[in-house]
Amino acid sequence: SYRAFPLPAARYVAEKHHLPLVIDLRDIIEQYASNEYIAHNFRTFPWLDRKITAAFRHKLLRDRNNALRKADQVTTISPWHAEKLKAYNSHTELVYNGYDPELFYPEQHRTSQFVITYTGRLISLATRDPRLLFEAVSRLDREKRIAPERFRIQWYVDAESKALIMQAAAAYPVARYMDFFGYVPASDIPGVLNRSSILLQLANTFASDGPKGFMTTKLFESMAVEKPLLCVKSDESCLEATIRETRSGLAARTAEEAYRFILHHYQFWQGNGYTHVDTDKEAVERFSRRKQAEQFMRIFSRLNSK
């Protein structure tokens, strides 16, 4: 956790009982474009909010970094995260987010509609920006290549995420192509993914004032079911490199790229009733929970032998 409490608590217990300390960070404050890691502002005056946020951030980072320096091992989720955290502890190892191979595997379903699916949250448009998708779909609509009866964008999101999506879509005539659903149980997600035609990942360009190092679990779950994966907008960093390495889809830098990718798979679906992508299975398998469990076992065994 990037929150302050668990890390000093773990450090205290490890020191008191002479136990090795392994800290696993799935998220860190520095990865966000702004202050999205705080669920709500402090609802005071704007200038006071900024001061409170700065003080809160300073305390979280101080407590985290003090714990990191005492850890026997740190693990985290992306090459960017690993480099960032090595500044506080050189014993930092990369253990990606991943997928459960017992749950996420390819199934072939013929469908009556071509469906682009997104499951998850939007924290902010600065972090996850769907506008390249809307621009591409708007062009497909304008050229009369698609129609709402057969082409859908389905969002499994919360109310706050829906509001952000509608805000981003306001400039494009795509509302009639979109369906919104609430979150579904985790057990239903493999079926939702396998009945989709394209699986959507939302991101934004890596930048000092933008998102950094985001590589979510749903990225690897999408790879595992071997459906075409469309990332908009490309981070132009480790996310794009991983999608290219696994041959699982496209991290689009432009609306033209997104347009051609969607059209290609839509035309294949028109002829076959389903979509499929020929991933590099060996590369995808590296992200399975089995492989990650092996990494953690090696770490624990090494520390136990000291």
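The values are calculated or read from the model by the stated rules, or taken from the named source; none is laboratory data. Predicted, not measured: the structure shown is a model, and the values here were computed from it. Ideal geometry is used to build each Cβ from the backbone, glycine not excepted, and the neighbour counts take in all protein chains shown.
Checking Leu103 against (1) more than 15 Å from the chain's Cα centre (by Cα); (2) over 30 Å from Ser288 (Cβ atoms); (3) assigned to a loop (DSSP other than H, G, I, E, B); (4) not acidic (Asp, Glu): exactly one of these is not met. Which one?
(2)
Please state which one of Phe151, Phe214 is of a type in the set (Phe, Trp, Tyr), farther than 21 Å from Val137 by Cβ and not assigned by TED's automatic domain parsing to the domain that holds His81.
Of Phe151, Phe214, the one residue that is of a type in the set (Phe, Trp, Tyr), farther than 21 Å from Val137 by Cβ and not assigned by TED's automatic domain parsing to the domain that holds His81 is Phe214.
So Asp24 passes all but one of these: (1) modelled with pLDDT of 75 or more; (2) acidic (Asp, Glu); (3) part of a helix (DSSP H, G or I). Which condition number does it fail?
Unmet for Asp24, out of (1) modelled with pLDDT of 75 or more; (2) acidic (Asp, Glu); (3) part of a helix (DSSP H, G or I): (3).
What are the residues in region 71-88 that are buried (at least 16 other Cβ atoms within 10 Å of the Cβ) and not hydroxyl-bearing (Ser, Thr, Tyr), if any?
Scanning region 71-88 gives Ala71, Asp72, Gln73, Val74, Ile77, Pro79, Trp80, His81, Ala82, Lys84, Leu85.
In this structure, is Tyr96 crowded, with 17+ Cβ neighbours inside 10 Å, in a loop (DSSP other than H, G, I, E, B) and hydroxyl-bearing (Ser, Thr, Tyr)?
Answer is yes for this residue.
Please go through region 125-176 and pick out each residue that is crowded, with 16+ Cβ neighbours inside 10 Å and among the polar types (S, T, N, Q).
Listed by number, the residues that qualify are Thr127, Ser138, Gln154, Ser161.
Hey, among Tyr156, Tyr172, Tyr118, which residue is under 24 Å from Phe268 (Cα atoms) and of a type in the set (Ser, Thr, Tyr)?
The unique qualifying residue is Tyr118.
List every residue pair whose Cβ atoms lie under 9 Å apart, where the two residues are 6 or more positions apart in sequence or sit on different chains, the first residue falls within region 8-21 and is more than 13 Å from Asn66 (Cα to Cα), and the second residue, located anywhere, is exposed (fewer than 11 other Cβ atoms within 10 Å of the Cβ) and polar (S, T, N, Q).
Pro20/Asn304
Pick from region 267-290 the residues that are within 15 Å of Tyr105 (Cβ to Cβ) and among the hydroxyl-bearing types (Ser, Thr, Tyr): which of them is surrounded by the most Cβ atoms within 10 Å (Cβ to Cβ)?
Top of the filtered list is Thr279.
Considering only region 90-107, state which residues are free of Cβ contacts under 8 Å to residues at least 24 places away in the same chain, farther than 18 Å from Glu240 by Cα and either touching a Cys at 6+ places or on another chain (Cβ under 8 Å) or of a type outside the set (Asp, Glu) (or both).
Matches in region 90-107: Ser90, His91, Thr92.
Of the residues in region 236-255, how many are in contact with a Pro (Cβ under 7 Å, 6 or more places away or on another chain) and either over 17 Å from Asn97 (Cα atoms) or not hydrophobic (A, V, I, L, M, F, W, C) (or both)?
Matching residues across region 236-255 total 1.
What are the residues in region 155-179 that are touching a residue at least 40 places away in the same chain (Cβ under 8 Å), in contact with a strand residue (DSSP E or B) (Cβ under 9 Å, 6 or more places away or on another chain) and either within 14 Å of Leu202 (Cβ to Cβ) or not assigned by TED's automatic domain parsing to the domain that holds Tyr259 (or both), if any?
Of everything in region 155-179, those that are touching a residue at least 40 places away in the same chain (Cβ under 8 Å), in contact with a strand residue (DSSP E or B) (Cβ under 9 Å, 6 or more places away or on another chain) and either within 14 Å of Leu202 (Cβ to Cβ) or not assigned by TED's automatic domain parsing to the domain that holds Tyr259 (or both) turn out to be Ser161, Ile165.
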